[in-house]
Structure formats: C-alpha cells, structure tokens
1. If you take the square roots of the eigenvalues of the alpha-carbon gyration tensor of the stretch 403-463 and sort them as a ≥ b ≥ c, do you get rounded (a/c under 1.5), prolate (a/b over b/c) or oblate?
2. Expected output is a single nm value to one decimal: the length gained when fully extending between residue 447 and residue 461, i.e. 0.36 nm times separation in residues minus the C-alpha distance. What is it?
3. With a ≥ b ≥ c the root eigenvalues of the C-alpha gyration tensor of the stretch 338-381, is it rounded (a/c under 1.5), prolate (a/b larger than b/c) or oblate?
4. Rg and Dmax of the stretch 52-207, Cα atoms, in Å?
5. Once both labels are modelled 7 Å past Cα along the beta-carbon direction, what's the residue 219-residue 233 spacing in nm?
6. D for the stretch 221-295, whole µm²/s, Stokes-Einstein with Kirkwood Rh over alpha-carbon pairs at 4 °C and 1.567 mPa s: what number?
7. Need the C-alpha centroid separation for the stretch 77-108 versus the stretch 314-333, integer Å.
8. Using Cα positions and a limit of under 26 Å, work out the lysines in reach of residue 294, with same-chain residues fewer than 8 apart set aside.
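The values are calculated or read from the model by the stated rules, or taken from the named source; none is laboratory data. Predicted model, so just to flag it, every value in this text is computed and none were measured. Quick reminder, even Gly has a Cβ in these numbers, built from the backbone with ideal geometry, and neighbours come from all protein chains shown. Please note that ligands, DNA and RNA were not included when accessible areas were found on the heavy atoms of the full protein model with its side chains. Shrake-Rupley method; radii C 1.70, N 1.55, O 1.52, S 1.80 Å.
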Amino acid sequence: MRDRATSSRPTAIVIGASASGLFAASALAEHADVTVIERDTLPAGPEARRGIPQAHHAHLVWTGGVKAFDDLLPGLVQELVDEGARLVRIMGDMVSRAPNEIWFRRFDQLPHRNLVCSRPLLDHVLSTRVLKDPRITLRENTTVLGVEGTPEAVTGVRLQSAHAQESLQADLVVDASGRGTRAPQWLHALGLPDVEVREVNAGVAYASRLYRAPERAQTMAFPLVNVQANPANPPGQGGIILPIEGNRWIVTLSGTRGGEPTADNDKFLDLALGLGDPVIGELLRHAEPLTDVKTSRATANVRRYYEKMRHWPDGFAALGDAIAGYNPVYGHGLTVAAQCAVAVRNVLRTHPITAAGTAKRLQNAAAGPVGAAWDLAVGQDALYPGASDSPPTTVEKALARYVDRCVETGAGNPRALAALLDVMSLLEPPTRLFSPDMVWPMLFGPKKPQLTGAPLTPKERNI
C-alpha cells in the first residue's frame, strides 16, 4: 500500500470484495489509491465462496446493468461472454410467466439483452479484471471492526487480521459489505442518530440445484424458463431454469410462507411440477442433477435511508446491498451495484474526494438506482400476507393494479413490452410506464390474444 504521507493522490478504503465493492474500487481508482478489505480469501478460479452464500442461486444482469458494466470497465461483458456467459434477448430467448399468470409472447425485435452466467464465473472475471489495476490493493483475510472519526468526518477503519489489530486511515471509506453491513452501528457509535430502516419480507425461501442440460439442449441456445410467483395466490411459488456455461442449468425454486422449498433432493422435482405451470418440472425430468439442493432464506427487502439523514459525515459512503438488499427473485442486485459505482464515478469527476460535502453527494447519488429497484421489488412483495408491519397504502395498491395492466398489455404488444422492460431493466424511471408507448396500446391496442401456455418452440418442447 502507498503511504498517505508520500502519495500525491487521495486514499480510499472499500469494505468488501463483492461485486459492489469491486465496481466501487474501479470507479474510485480514477481519483484515489484504493485498498479493498476482504474477510475471505478470493478463490483462484470461478468457484463459490463462503462470503457469497447466494452464489448457488440463479443470477442475471438486466440491460441497465450490462450497460453499466461496460461503462465502468469497457470490454468486461465480452470477457464474460468469451468465458461462456450469454447475452440473451428479452423476451426472444426467454419463456416467462408474469406474477399475474400471463405468459409473455417472445418478440424477437426488442433491443434488451440480459447477461446470464453463474455467479462464480462473474465474480472471477470481475475480480481478475479489477485487481489488475495497480492503483487497487487487496487485503484478504481481514475484518473491519469499525470506523474511526467523529460525527463530522470518518477518517479510517479499525482492522482485525490473523495476527493483530490495526488502524488504517483514508480520505474516503466505502461500505460495500452487503446485507451483513454494520454501518448503522458504526455510525451510531460515532454519535450519529439511527438511520431510518424499512423491511418488507415476503418470507421467500430459495432452493437451487445444478443440472447437466439434456443432450439435445446442449446443441442449441436454450431459452431461460421463468414461472413467477403470484402474490394474489399465496403461498407464492415460482422457479427459473437458467442455462449457463458448461452445458449446465441452474434451477432455482422459491416459495413464500407456507410454501417454502426444502433441501430434500427427492422433493425438488415434485415442487417444480407443482408450480402454477409444470413446465420447469417437465423439462427437468430428463436432466441429470449435478449437485445437492442448496437453500437460502436471506431474502427480505431491507432499505436504509441514509440519504434522509440530516447530518452525514465527510469521508464515508455506503453502496449497493449495504444500502438496500432485495428479494433476489427480481434479479436487480448486480445491476444496482454497477449503477451505484457509475454514480460514484460521475460525482467524483466534478467533486474531489477530499472536499467537504462530497461524501453526502455520493450517498445521494447512490440512492437513485437503489430507489428504482426498491420500488419495483416492494411493489410486489408488500402484497404478500405478513410482509410488512405497514400494509400497502391505497396508492401502492392502485400502482400494483396499474402494473398488472402494463404486464397484460406488454404480454401481447411489443411496443408496450419495450416500455415495461425499460423500467424492469433499470434503464428508465417508472414514469416510462405512463408514456404513450404503454398507454396507447393499453387503451386502444392492438394486442395479440393471451397465450394459454408456455411459448416453447416445438424443438424446445421436444427436449
């Protein structure tokens, strides 16, 4: 690490070598020497690690995230594709049933492309790319115990390594430690008031299993197959088949309170066949399981409203899941992580890291992508029984009904579907759903009739 006394550049500390932390480090490296503090040892290849338990489950990166990936690290998406990831057309390469049980038609002409691969592959390619930067230093097997400073300014962190405790000073500390963040406690210990927190927990549990794709599916670009849960018909159960590198399928099934999946290998196929549509189970009948079932229950939507705090210390910012964690079913975590880093980079191009008020600007900028994903997730999950102490408001219920109309319209009209995907992909704000591209088809058509089943081609169904 460079000595702050002799370096002409500011210094920054990033807590966590997660995707959020690595993207943040790449953005900060334009303006500072960066030290990434990671409590684990990063694997040498595309392998799951203890610090990312959700790595066993299905992940995808929406179009807004794909754009942010290449905005931050030009060529990163192509590097992932070269290693086996896919850019899939949404909805051309996707068979999807919406929460209101309507099947989307597979329009090929839409511009949206989602990135699909295993989480270990994504993390490996990303970390390899970011850590090549000589301005970024990684410290593994080191835990952050807390931050140092005053209510006016954070000046560094306290660390615990294998051999000793120490302090490390920096001009900016960025918390990218994810759902397990301790930042609210750290800031309170400095004398700051408690942050406002909201939780919406639909009680979703996940179960995932890795399969070898059927032989005939290995010779074609097999589509994603997605059956989403219906909040109006609890317990909401859904699932997805995600074709990934190595001729494998990640299959993730989910269920809310009273319908949670288990880790029982023998019950996995039955649960897939028992979804609102059995298409996932039917496809799995002839697929070879490669792993046991892995489960997870850390799925609550939790948001910390740092941007609302009247006083914010210089020298500190939180990003990604450290601000808000989402129900993984919506697939927005990686997109938000990259978009938060883009927001950081854009602020620092006009405001120096060491300037008073820069940290507050960073926190406010990160609230943009976080808030967009939050509204999408909570708009659905708040409808589940027991999801929140405060039931959905009249306005929230009305918006949910309107979104159902948008889904119904988009399922049969490519112009409306493009508007819906612009919002779901975190490319455009929710106001896009009130544009003429959506409202005109909703009111006047034309709309194709609703499908009665999964729109698999004859070749795909023969699998």
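1. Oblate, because a/c is 1.5 or more while a/b does not exceed b/c.
2. Length difference between fully extended and current span is 2.5 nm.
3. prolate
4. Gyration radius and largest Cα-Cα distance of the stretch 52-207: 20.5, 59 Å.
5. Going by the 7 Å Cα→Cβ label model, 3.6 nm.
6. Estimated via Stokes-Einstein, D reaches 102 µm²/s.
7. 24
8. Straight-distance partners of residue 294: 267.
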